[in-house]
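J.: Structure provided below as structure tokens; questions to follow.
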Amino acid sequence: MKKIIIKLGTGILSAGKGNVRTDRMEQLAQSIAILLKEGTQTIIVSSGAVGLGMGKLGLDERPKDLSLSRACASIGQCRLMNAWSDSLEKVGLVASQVLLTRDDFENKKRSQKVEETLNTLVDRQIIPIVNENDSVSDEEIKFGDNDVLSALLATIVKADFLIMLSTVKGLMTHPTSGSLIPYVAEITPSIDAMAKGTHSPTAVGGMVTKIEAAKIACRAGCAVFIGSGENPSLLGNIINGDDAQGTFFAPSGLKLAERKKWLPFFPSPNGTLTVEHETIDAIMEKGDSLLAKGILSITGEFEKADVVEIKNPENEIIAHGITRFSKNELLRAQGKQNEEILVLFAGKNRPEVIHRDHLAPL
Ligand code: GLU
């Protein structure tokens, strides 16, 4: 069985005035039922308690009085669970509620209990609905957002895939005028910098905490997807890496050769390397790495560890790969022999631009 965690933001689940977007919950429940039949267990991390409680009490802004905020969570959690329970029941599934605090993750004995309970539930085909226990959490020690909570949960239950759905489209190169980054092979400082510029009015955590969460989950060998939850019936597409709107983060705990299997799914890499025929033969037929001397032209903007596409001189895409050089480095290395490259980049211990373990012919 595969195990996935789906984390949903308040903006996706709340319809305002304390009402729940049951349409989205029902769509998701249908997709979860299909996945279960195909051998995928799901744990949901659901936000929305505070927001729904505020709506019920007619509050427009998050209360400054913390006991009122905790009271809102208590009211909203009840509505949230009713709606989840009803939506899952419509497709023959049973919901269960698990409320966690930070202590549950920091104390080994307690985190083992969390793991045991969740595994017992999913093994019986029950769908756990997890949230932070906001009605009793002390502000000083609480997570505050469910992004990091869902990533820690992914490490505890050894999930294969963490899917974070909210009102954001995914990681953008620039918050207002940028384009969507479909695939991140490694979370580098340039990815952190992009996240800082992003702001969503409804999200509690925003992109910064989502990237923090992605780092935790990826390090534990769990793949991550950050994208829009506006159409939950696309869940199957996300899992199959099929035309999904969002950013996919490759798990870093995997062996290099295993990482390669994710590469072909990501249709718009950051850059393009056009290479000569002889080099294409070496890659496609002999399984060689890509060397700088076979590169004819370099386009796009990319950093070290970004995904790039490789084209033949006829402009056909023949492979995707993770580059060991940034665009600027590559411009300096282009056409050079291996020995010259090692001298030019004293820090690099190998001359390949894309190692064969990071090259996926399409
Ligand atoms: N636990 C909070 C709630 O249910 C939400 C935190 C978040 O949106 O990340 O309202």
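J.: Hey, what's the per residue convex hull volume over the C-alpha atoms of segment 272-334, in cubic angstrom? Mind showing how you got there, number by number?
T.: Numbers: hull volume 4.4 nm³, N = 63.
Here the figure is 69 Å³ per residue.
J.: Also, I was wondering about something else. Projecting each Cα onto the charge dipole of the chain (Lys/Arg +1, Asp/Glu -1 at the beta carbon, about the Cα centre), which of Ser14, Leu118, Tyr183 comes out farthest on the positive side?
T.: Farthest towards the positive end: Leu118.
J.: So what is the accessible area of the chain per residue, in Å², with the probe set to 1.4 Å?
T.: Numbers: 16490 Å² over 362 residues.
Averaged over the residues of the chain, the accessible area is 46 Å².
J.: Continuing with this model, one more query. Does anyone have the angle between helix 66-89 and the longest principal axis of the chain? Alpha-carbon axes, 0 to 90°, nearest 10?
T.: That works out to roughly 80 degrees.
J.: Output the 0 to 90 degree angle, nearest 10, between the alpha-carbon long axis of helix 108-123 and the longest principal axis computed from the alpha carbons of the chain.
T.: Taking the Cα atoms of the chain, the angle to 108-123 is about 90 degrees.
J.: Can you compute the charge dipole magnitude of segment 283-335 about its Cα centre, using +1 on each Lys and Arg Cβ and -1 on each Asp and Glu Cβ, nothing else charged? Give it in debye, rounded to the nearest 20.
T.: It comes to approximately 260 debye.
J.: Could you work out the relative contact order of segment 54-184, using alpha carbon pairs under 8 angstrom and six or more residues apart, expressed as a whole percent?
T.: On the way: 112 pairs, mean separation 26.4, N = 131.
Relative contact order here is 20 percent.
J.: Ignoring any ligand, DNA or RNA, what whole percent of the accessible area of the chain comes from carbon and sulfur when the probe is 1.4 angstrom?
T.: Looking at the chain in its full context, I get 48 percent from C and S.
J.: Using the crude model of +1 on Lys and Arg Cβ and -1 on Asp and Glu Cβ, and no other charge, please compute the dipole size for the chain relative to its Cα centre, in debye to 20.
T.: 600 debye
J.: Relative contact order for the chain: what percent, with Cα pairs under 8 Å and sequence separation of 6 or more? Could you put the intermediate results ahead of the total?
T.: On the way: 765 pairs, mean separation 51.5, N = 362.
Dividing the mean separation by the residue count of the chain yields 14 percent.
J.: Moving on to the next point. To check my understanding: the extent here is largest minus smallest coordinate of the Cα atoms along each principal axis. What are those three numbers for segment 3-68, in Å, largest first?
T.: Here the Cα extents, ordered largest to smallest, are 46, 22, 13 Å.
J.: Any chance you could list P(r) for the chain, counting all Cα-Cα pairs in 20 angstrom bins from zero, rounded to whole %?
T.: 29, 50, 19, 2
J.: Taking a ≥ b ≥ c as the square roots of the eigenvalues of the Cα gyration tensor of segment 1-140, is the shape rounded (a/c under 1.5), prolate (a/b larger than b/c) or oblate?
T.: Oblate shape, in that a/c is at least 1.5 and b/c is the bigger or equal ratio.
J.: Starting from a Cα-only point model with no solvent, please compute log10 I(q)/I(0) by Debye for segment 109-161 at q = 0.16, 0.18, 0.20, 0.26 1/Å.
T.: The Cα Debye sum returns log10 ratios of -0.53, -0.67, -0.81, -1.17.
J.: Magnitude of the Cβ-charge dipole of segment 270-362, K/R +1 and D/E -1, about the Cα centre, nearest 20 debye?
T.: Here segment 270-362 has a charge dipole of around 360 debye.
J.: Something else about it: Of Lys17/Lys142; Lys158/Lys196; Lys2/Lys210; Lys37/Lys304; Lys37/Lys215, which ones are farther than 32 Å apart at the Cα?
T.: Violating the 32 Å Cα-Cα cut-off are Lys37/Lys304.
J.: Using square roots of five times the C-alpha gyration tensor eigenvalues, list the equivalent-ellipsoid semi-axes of segment 62-209 in whole Å, biggest first.
T.: On the way: eigenvalues 154, 83, 62 Å².
Equivalent ellipsoid semi-axes, largest first: 28, 20, 18 Å.
The values are calculated or read from the model by the stated rules, or taken from the named source; none is laboratory data. Computed from a predicted structure; not experimentally measured. Every residue, glycine as well, gets a Cβ built from its backbone with ideal geometry; the counts of neighbours run over all protein chains shown. All accessible areas refer to the heavy atoms of the entire protein, side chains included, with ligands and DNA or RNA removed. Shrake-Rupley method; radii C 1.70, N 1.55, O 1.52, S 1.80 Å.
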